[in-house]
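Colleague: Here it is: the structure, laid out below.
The values are calculated or read from the model by the stated rules, or taken from the named source; none is laboratory data. Just so you know, these numbers come straight off a predicted model, no measurement behind them. Neighbour counts are summed over all protein chains in view; Cβ atoms, including those assigned to glycine, are modelled from backbone coordinates with ideal geometry.
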Amino acid sequence: MTPRGLRIQGLKKRYGSGDAAVDALKGVDMTVAPGEVVGLIGPSGSGKSTLLKCLGAVIEPTAGKMALGEDVIYDGEWKVKDLRALRRDRIGFVFQAPYLIPFLDVTDNVALLPMLAGVPNAEARHRATELLRALDVGHRAKAMPSQLSGGEQQRVAIARGLVNRPPIILADEPTAPLDSDRALAVIRILNDMARQFDTAIVVVTHDEKIIPTFKRIYHIRDGVTYEEAGQRRTP
Amino acid sequence: MISLAGRDIMHSWGKFVFTGLGLGLLIGITLSMAGIYRGMVDDAKVLLDGSGADLWVVQKDTLGPYAEPSSIYDDVWRGLRGMPGVEEAANITYLTMPVGTRDGAVRAMVTGIAPGGPGTPGWPPHLVAGRPITRGHYEAVADVASGLTLGESIQIRRHTYTVVGLTRRMVSSGGDPMVFIPLKDAQEAQFLKDNDAIREQRRRTAENPAFQRPGVPGLLEAISASQGANPYVNAVLVRVKAGHDPEEVAAAIRRWKRLTVYTRYQMEDILIGKLIATSSRQIFLFLVILSVVSSAIVAFIIYTLTMGKIREIAVLKLIGTKNHTIVGLIMKQALALGLIGFVVGKISATLLMAPIFPKYVLLLPLDSALCLAIVMAICLLSSTVAIRIALLVDPAEAIGG
């Protein structure tokens with residue numbers, strides 16, 4: 001088990017109780033090293049979203065262990081008091097749709113997270129601008145989300161996920177609304193950012209175009225994960 | 001930290017401004033209603049102030065002369081003037097009636113004032129144009145609210161009067177402009193009948209056997225003459241000498257003259273507490289209804305705005321935004337809406353509604369401040385539904401599945 005990145009052991013999640021109980025996760029094991037991008041694929045109802053919600057500290061698992069970097073965040077119960085702060089400071093999210101805040105411009109959409117963490121506005125905007133430049137959307141810094149193309153919006157969403165330098169990013173079908181070229185561009189960006197910021201990235205996807213780009217892939221079926229070494233192709 | 005509420009308002013300013021306009025018109029009506037009530041109270045006070053009296057002597061056991069008919073002999077004032085503490089006493093009559101003008105008729109409170117001059121109780125305290133009444137008959141001083149102009153001829157009963165002076169804010173408690181005429185003319189106007197009625201009265205009197213007394217020559221003529229005269233006035237206005245307690249002077253008059261006497265405080269209580277009490281209750285009810293409607297509108301608008309942002313709120317919660325930031329976003333928007341509404345309401349009430357309203361509308365700064373506080377409280381209260389929904393939003397909604 002790597003000392004950093006994301007580590008999950010025997011993670012279980014049960015919805016309901018008694019006869020109506022449903023075991024969505026039946027003991028998931030997963031490790032993602034810093035700087036690594038892994039794929040998580042599986043059919044509908046396999047438990048992908050439940051796993052993502054557990055990893056994102058949005059729902060509480062029923063059993064198992066989760067560690068982020070050197071910190072155990074779940075071991076039969078949450079080991080972190082402030083889950084909001086955990087999500088804000090140590091977990092980045094990239095969604096299927098960008099879900100940018102429509103009334104904030106591109107810079108402030110990205111700068112909002114460090115601002116929420118108490119970083120002064122000027123410093124937060126500086127960080128956001130640097131990141132937007134790195135993601136090649138620096139020229140749209142003052143644009144509103146509605147003025148961006150789908151690809152630009154997704155890059156801004158990635159910048160938002162990265163801006164607090166979280167050790168892990170959870171990407172929920174980030175290429176679903178994009179065409180092949182843009183989808184591959186997004187995966188390329190995620191790989192670059194993972195390397196650059198030493199971030200562990202989990203990409204949940206159905207997108208066959210991008211599956212070959214992962215070095216490692218976790219298949220999930222009926223709440224259980226199986227690891228498969230990917231045939232990595234440069235995106 | 002940036003202001004999320006401010007950014008959202010700036011982003012969708014059109015929605016906020018137009019909603020605020022609608023709400024503002026409602027608040028404008030609310031402010032105007034409060035202004036109408038204040039105007040009614042002010043009209044009542046102005047009527048009392050304008051009379052220049054400390055005491056109102058009226059028919060025993062009546063609420064006269066403004067709230068109930070009162071009739072006392074027109075020589076009572078002589079006896080009152082000799083009582084301790086009385087500086088001046090003057091007869092007065094009030095009769096609300098249509099006054100004929102060149103453009104038709106205007107409803108006015110025709111006030112008969114005793115001979116004297118400016119400063120005599122009952123006389124208008126100041127004129128904005130023209131001169132006071134100087135002749136014993138057929139001159140009038142009118143309030144500008146009547147629309148009458150200097151030199152204009154007006155018709156009261158069968159006589160024509162010339163407007164020689166104009167006053168301002170001299171109105172009855174009902175808001176009717178006052179028209180001052182000499183007392184004798186007013187007394188005549190109160191009882192004056194048309195020629196047919198006079199002839200009919202004389203015929204009936206002449207045919208009455210009781211008045212056909214051979215031993216009492218001149219009886220019939222004396223009775224006919226008394227029937228055509230009006231020796232009554234509605235009240236006597238009394239000004240108390242400096243250093244005397246009006247209540248003590250009033251008590252003496254009540255005791256020795258067997259008349260009802262009201263002090264300024266009591267008369268104000270009659271006018272405000274009794275005469276306009278029903279109107280006050282109606283206005284208060286309207287204010288309550290308008291407040292409830294405004295609350296419902298604000299609640300609905302804030303609820304709709306919040307429902308339109310559920311996904312953004314889920315994202316905000318997922319990325320670690322604290323509840324109080326989200327509550328602040330909704331609350332500030334509700335307050336901003338209330339503030340826009342109040343500004344629009346205040347402007348519309350002051351510039352649009354008050355000038356065209358047929359009654360005097362008095363918009364007090366204190367009422368405006370109170371209205372602002374109530375609007376803000378309503379907005380805060382109305383936003384609680386939306387806040388509750390926002391707090392119940394599950395951050396997991398931002399993640400698919």
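Colleague: State all residues of the range B:332-371 that are outside any helix (DSSP H, G or I) and surrounded by fewer than 21 Cβ atoms within 10 Å (Cβ to Cβ); if no residue qualifies, say none.
Modeller: Step one: of the range B:332-371, the residues outside any helix (DSSP H, G or I) are B:357-364.
The answer is B:357, B:358, B:359, B:360, B:362, B:363, B:364.
Colleague: Which one of these does residue B:179 not meet: (1) out of contact with any Pro (no Cβ under 8 Å at 6 or more places or on another chain); (2) more than 13 Å from residue B:142 (Cβ to Cβ)?
Modeller: (2)
Colleague: Do the conditions hold for residue B:20, that is, is it small (Gly, Ala, Ser), in contact with a helix residue (DSSP H, G or I) (Cβ under 6 Å, 6 or more places away or on another chain) and buried (at least 18 other Cβ atoms within 10 Å of the Cβ)? Let's see the steps before the verdict.
Modeller: Working: small (Gly, Ala, Ser): yes; in contact with a helix residue (DSSP H, G or I) (Cβ under 6 Å, 6 or more places away or on another chain): yes; buried (at least 18 other Cβ atoms within 10 Å of the Cβ): yes.
Against the criterion (small (Gly, Ala, Ser), in contact with a helix residue (DSSP H, G or I) (Cβ under 6 Å, 6 or more places away or on another chain) and buried (at least 18 other Cβ atoms within 10 Å of the Cβ)), residue B:20 qualifies.
Colleague: Could you check the range B:25-81 and list, in sequence order, the residues that are aliphatic (A, V, I, L, M) and assigned to a strand (DSSP E or B)?
Modeller: First, the residues of the range B:25-81 that are aliphatic (A, V, I, L, M): B:25-27, B:29, B:31, B:33-34, B:36, B:40-41, B:44, B:46-48, B:53, B:55, B:57-58, B:63, B:67, B:72, B:76, B:80.
Within the range B:25-81, B:55, B:57, B:58, B:72 qualify.
Colleague: For the range B:108-139: of the residues being within 10 Å of residue B:165 (Cβ to Cβ) and among the hydrophobic types (A, V, I, L, M, F, W, C), which is surrounded by the most Cβ atoms within 10 Å (Cβ to Cβ)?
Modeller: Step by step, filter the range B:108-139, then rank; the result is B:133.
Colleague: If I filter the range A:191-211 for residues that are surrounded by 16 or more Cβ atoms within 10 Å (Cβ to Cβ), more than 17 Å from residue A:6 (Cα to Cα), among the β-branched types (Val, Ile, Thr) and free of Cβ contacts under 8 Å to residues at least 60 places away in the same chain, do I get at least one hit?
Modeller: Step one: of the range A:191-211, the residues surrounded by 16 or more Cβ atoms within 10 Å (Cβ to Cβ) are A:191, A:193-194, A:197, A:199-205, A:207, A:209-211.
Filter again for more than 17 Å from residue A:6 (Cα to Cα), leaving A:205, A:207, A:209-211.
In the following step, the residues that additionally are among the β-branched types (Val, Ile, Thr) were identified as A:205, A:210-211.
Now drop any that are not free of Cβ contacts under 8 Å to residues at least 60 places away in the same chain, which leaves none.
No.
Colleague: Please work out which one of (1) at pLDDT 90 or above; (2) buried (at least 22 other Cβ atoms within 10 Å of the Cβ) is the condition residue A:48 fails and give its number.
Modeller: Status for residue A:48: all satisfied but (1).
Colleague: Right, next: Filter the range A:52-73 down to the residues that are within 14 Å of chain B (Cβ to nearest Cβ) and assigned to a loop (DSSP other than H, G, I, E, B), then identify the one that is surrounded by the fewest Cβ atoms within 10 Å (Cβ to Cβ). Let's see the steps before the verdict.
Modeller: Looking only at the range A:52-73, we keep the residues that are within 14 Å of chain B (Cβ to nearest Cβ), and these are A:52-61.
Filter once more, so that each one left must be assigned to a loop (DSSP other than H, G, I, E, B): A:56-61.
Working: A:56: 23, A:57: 25, A:58: 23, A:59: 19, A:60: 12, A:61: 27.
So, considering only residues that are within 14 Å of chain B (Cβ to nearest Cβ) and assigned to a loop (DSSP other than H, G, I, E, B), the one surrounded by the fewest Cβ atoms within 10 Å (Cβ to Cβ) is A:60.
Colleague: Residue A:21 - would you say it is surrounded by fewer than 16 Cβ atoms within 10 Å (Cβ to Cβ), farther than 28 Å from residue A:209 by Cβ and within 17 Å of the chain's Cα centre (by Cα)? Spell out the reasoning first.
Modeller: Values: surrounded by fewer than 16 Cβ atoms within 10 Å (Cβ to Cβ): yes; farther than 28 Å from residue A:209 by Cβ: yes; within 17 Å of the chain's Cα centre (by Cα): no.
Here the answer is no, as residue A:21 does not meet what is asked.
Colleague: Would you point out the residue of the range A:123-148, among those that are under 23 Å from the mean Cα position of the chain (by Cα) and among the charged types (D, E, K, R), that is modelled with the lowest pLDDT?
Modeller: If we take residues in the range A:123-148 being under 23 Å from the mean Cα position of the chain (by Cα) and among the charged types (D, E, K, R), then A:136 is modelled with the lowest pLDDT.
Colleague: Tell me the helices (runs of 4 or more DSSP H) entirely within the range B:207-281 that contain at least 1 residues that are of a type outside the set (A, V, I, L, M, F, W, C), over 30 Å from residue B:51 (Cβ atoms) and in contact with a Lys or Arg (Cβ under 7 Å, 6 or more places away or on another chain). Reasoning before the result, please.
Modeller: On the way: elements: B:219-228, B:246-257, B:264-268.
In the range B:207-281, the matching helices (runs of 4 or more DSSP H) lie at B:219-228.
Colleague: Follow-up. Answer yes or no: is there a residue in the range B:90-100 that is farther than 29 Å from residue B:279 by Cα, touching a residue at least 24 places away in the same chain (Cβ under 8 Å) and surrounded by fewer than 17 Cβ atoms within 10 Å (Cβ to Cβ).
Modeller: Going through the range B:90-100, the residues farther than 29 Å from residue B:279 by Cα turn out to be B:90-91.
Narrowing further to those that are touching a residue at least 24 places away in the same chain (Cβ under 8 Å): B:90-91.
If we keep only those that are surrounded by fewer than 17 Cβ atoms within 10 Å (Cβ to Cβ) as well, we get none.
No, the range B:90-100 contains no residue that is farther than 29 Å from residue B:279 by Cα, touching a residue at least 24 places away in the same chain (Cβ under 8 Å) and surrounded by fewer than 17 Cβ atoms within 10 Å (Cβ to Cβ).
Colleague: Name the single residue that is farthest from the other protein chains (Cβ to nearest Cβ) among those in the range A:74-93 being free of Cβ contacts under 8 Å to residues at least 40 places away in the same chain and of a type in the set (Asp, Glu).
Modeller: A:75
Colleague: A further question on this structure: Can you tell which of B:157, B:169 is charged (D, E, K, R), surrounded by 15 or more Cβ atoms within 10 Å (Cβ to Cβ), over 18 Å from residue B:359 (Cβ atoms) and in contact (Cβ under 8 Å) with a residue 24 or more places away in the chain? First the steps, then the outcome.
Modeller: Numbers: B:169 fails: over 18 Å from residue B:359 (Cβ atoms).
So the residue among B:157, B:169 that is charged (D, E, K, R), surrounded by 15 or more Cβ atoms within 10 Å (Cβ to Cβ), over 18 Å from residue B:359 (Cβ atoms) and in contact (Cβ under 8 Å) with a residue 24 or more places away in the chain is B:157.
Colleague: Right, another one. Examine the range A:161-176 for a residue that is among the charged types (D, E, K, R), modelled with pLDDT of 90 or more and either under 21 Å from residue A:209 (Cα atoms) or touching a helix residue (DSSP H, G or I) at 6+ places or on another chain (Cβ under 7 Å) (or both), and state whether such a residue exists. Before you say what the answer is, go through the steps one by one.
Modeller: Initial filter on the range A:161-176 (among the charged types (D, E, K, R)): A:165, A:172-173.
Restricting the remaining residues to those that are modelled with pLDDT of 90 or more gives none.
No.
Colleague: Can you pull out the residues in the range B:359-401 that are away from every other protein chain (no Cβ under 14 Å) and free of Cβ contacts under 8 Å to residues at least 40 places away in the same chain?
Modeller: Listed by number, the residues that qualify are B:365, B:366, B:369, B:370, B:372, B:373, B:377, B:384, B:388, B:392.
Colleague: I'd like to check something: does the range A:28-38 contain any residue that is under 24 Å from residue A:193 (Cα atoms), of a type in the set (Ser, Thr, Tyr) and away from chain B (no Cβ under 11 Å)? Outline the logic, then answer.
Modeller: Residues of the range A:28-38 that are under 24 Å from residue A:193 (Cα atoms), as a first pass: A:30-38.
Filter again for of a type in the set (Ser, Thr, Tyr), leaving A:31.
Right, trim to away from chain B (no Cβ under 11 Å) and you get A:31.
For the range A:28-38, residues under 24 Å from residue A:193 (Cα atoms), of a type in the set (Ser, Thr, Tyr) and away from chain B (no Cβ under 11 Å): present.
Colleague: Next question. Show me the helices (runs of 4 or more DSSP H) entirely contained within the range A:94-200 in which 2 or more residues are within 12 Å of chain B (Cβ to nearest Cβ) and in contact with a strand residue (DSSP E or B) (Cβ under 7 Å, 6 or more places away or on another chain). So that I can check it myself, show each step before the final result.
Modeller: Working: elements: A:106-116, A:121-134, A:150-162, A:180-197.
Of the helices (runs of 4 or more DSSP H) lying wholly inside the range A:94-200, those with at least 2 residues that are within 12 Å of chain B (Cβ to nearest Cβ) and in contact with a strand residue (DSSP E or B) (Cβ under 7 Å, 6 or more places away or on another chain) span A:150-162.
Colleague: Just the residues that are buried (at least 19 other Cβ atoms within 10 Å of the Cβ), in a helix (DSSP H, G or I) and within 14 Å of another protein chain (Cβ to nearest Cβ), please, taken from the range B:294-331.
Modeller: Let us first name the residues in the range B:294-331 that are buried (at least 19 other Cβ atoms within 10 Å of the Cβ), namely B:294, B:298-299, B:301-302, B:305-306, B:309, B:312-321, B:326, B:329-331.
Still in the list and also in a helix (DSSP H, G or I): B:294, B:298-299, B:301-302, B:305-306, B:312-318, B:326, B:329-331.
Residues satisfying the conditions are B:305, B:306, B:312, B:313, B:314, B:315, B:316, B:317, B:318, B:326, B:329, B:330.
Colleague: Mind listing just one residue for me: the one in the range B:6-26 that is touching a Leu at 6+ places or on another chain (Cβ under 8 Å) and closer than 24 Å to residue B:374 by Cα and, of those, farthest from the other protein chains (Cβ to nearest Cβ)?
Modeller: Only one residue tops the list, namely B:26.
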